[in-house]
There are 2 protein chains.
Amino acid sequence: MPQTANAPITISAFSWAPEFARGNVRDLPVRWMLEEIGRDYEVELLDAKTPRGPEYVGWHPFDQVPAYRDDEVEIFEAAAILLHLAEKSGQFLPVDAAGRAKAISWLFAAVNAVEPPLRNVTTFPLFYSDSDWAAPASEALAPFAEKRLTRVADALGANQWIAEEFSIADIMLTFILRTIGGKLIEAFPALVAYVERGKARPAYQRALAGQLADFADENAPA
Amino acid sequence: MPQTANAPITISAFSWAPEFARGNVRDLPVRWMLEEIGRDYEVELLDAKTPRGPEYVGWHPFDQVPAYRDDEVEIFEAAAILLHLAEKSGQFLPVDAAGRAKAISWLFAAVNAVEPPLRNVTTFPLFYSDSDWAAPASEALAPFAEKRLTRVADALGANQWIAEEFSIADIMLTFILRTIGGKLIEAFPALVAYVERGKARPAYQRALAGQLADFADENAPA
């Protein structure tokens, strides 16, 4: 990572995650953006063995990752951090009002219109595998998720990125499609190619390596 | 609404909705913000009888409401519209960097951390009432939604609003708690009082009246 003279940035991340979650934790899009803009950052690793106390909850009210801190602000929610970094750096958010509005619309859409329906379909069978309801719920909710993916694919069309040039909307949307989309996105070749374009960026690969490097088996909870 | 010399603002809304949805459609938070800042706006009413064509999908890729247009930008996603209106008006978003970051964190949290878990619990039994899975899914997912509400209540503490002064984060969060929280929020007196504070604002009441006035039974689909 290039050195900068700017004030330090700290994000929170986990020191351990189960195998299926590695590479999929939500500090990834923030690391990705930090790598895109070439900013050094420190990672405050959370101990999976010890419940976090009020100090961390004061930083991240939902006791999750990532939380973000620089010399001016504290932020939680990955998408909010991306927006701050784009504004702070002047990068990866179109400067014209119309393009900026489109990118911010898609940043919100990624986490509100796209993510929740995908999450239900792909995570219910994973997290509630011993229930009677998870499989039929996932099956019943799949058409709605697929409809949303059809809309995303239609909006992308033949474009490389969702809002003209590569932006924070692509970082968030790529992360969600790749991490939460599961097998659902396989029916959408344009979205598979879109995700691959994002993953091919060197900054993404550095971010992924960074997250994986911070996990250590000796930090696993008992 | 006060008259202004500014360029026209148009939002989309439905010309009809079923009884249970009236007052709960997502143009409400946008109308609320427009009333708070005293901006005139026009409503482009969508015909519930006719499928919307590519022109509307070009404005709102998920074919929902609200979409927003002014002389410079087109936006979809209610929270993205709130952010734009706050930036455009210089109102209802703290001006100091730390306060602004906190409000924007909560704006994203409202639609990503709070809304989806509540939505599953409260809407599965409503929209999938003829299924075997909706009731047990709702019951199994309720503790997670309640945990999220506990976090919101803890973060609110004894404060009036979620990020110091009244902001767009409160508009979005109040709308979600009130509309999607259902009976879940009744266990949290601080959140009930928070929602009541929002609903007591004259701008909220004008927004609600505006949405309700735009529904007409003769516009019902066959």
Inset, instruction - Select from the stretch A:80-125 the residues that are more than 7 Å from every other protein chain (Cβ to nearest Cβ), of a type in the set (V, I, T) and touching a residue at least 60 places away in the same chain (Cβ under 8 Å) and list them in ascending order. - result: A:I81, A:V114, A:V121, A:T122
Inset, instruction - Identify the residue in the stretch A:28-79 that is among the β-branched types (V, I, T) and more than 9 Å from chain B (Cβ to nearest Cβ) and, among all such residues, is surrounded by the fewest Cβ atoms within 10 Å (Cβ to Cβ). - result: A:T50
Inset, instruction - Read through the list (1) modelled with pLDDT of 95 or more; (2) surrounded by fewer than 20 Cβ atoms within 10 Å (Cβ to Cβ), then give the number of the only condition that A:P221 fails. - result: (1)
Inset, instruction - Would you please name the residue that is nearest to B:Y56 (Cα to Cα), looking only at residues in the stretch A:126-149 that are more than 10 Å from chain B (Cβ to nearest Cβ) and within 21 Å of the chain's Cα centre (by Cα)? - result: A:L149
Inset, instruction - From A:P51, A:P61, grab the single residue that is assigned to a loop (DSSP other than H, G, I, E, B), free of Cβ contacts under 8 Å to residues at least 60 places away in the same chain and in contact with a Phe, Trp or Tyr (Cβ under 7 Å, 6 or more places away or on another chain). - result: A:P61
Inset, instruction - Note down all Cβ pairs under 7 Å where the first residue falls in the stretch A:127-138 and is crowded, with 18+ Cβ neighbours inside 10 Å, the second is β-branched (V, I, T), and they're at least six residues apart or on different chains. - result: A:S138/A:V121
Legend entry - Members of the stretch B:23-60 that are over 17 Å from B:A78 (Cα atoms) and of a type in the set (K, R): B:K49, B:R52
Legend entry - Single condition B:D130 does not satisfy, out of (1) within 20 Å of A:A134 (Cα to Cα); (2) part of a helix (DSSP H, G or I); (3) charged (D, E, K, R): (2)
Legend entry - Among residues of the stretch A:31-48, those that are closer than 13 Å to A:G90 by Cα and without any contact (Cβ under 8 Å) to a residue 40 or more places away in the chain, counted: 1
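The values are calculated or read from the model by the stated rules, or taken from the named source; none is laboratory data. Everything quoted here is computed from the prediction, not taken from an experiment. All Cβ positions, even for glycine, are placed from backbone atoms using ideal geometry, and neighbour counts span all protein chains on display.
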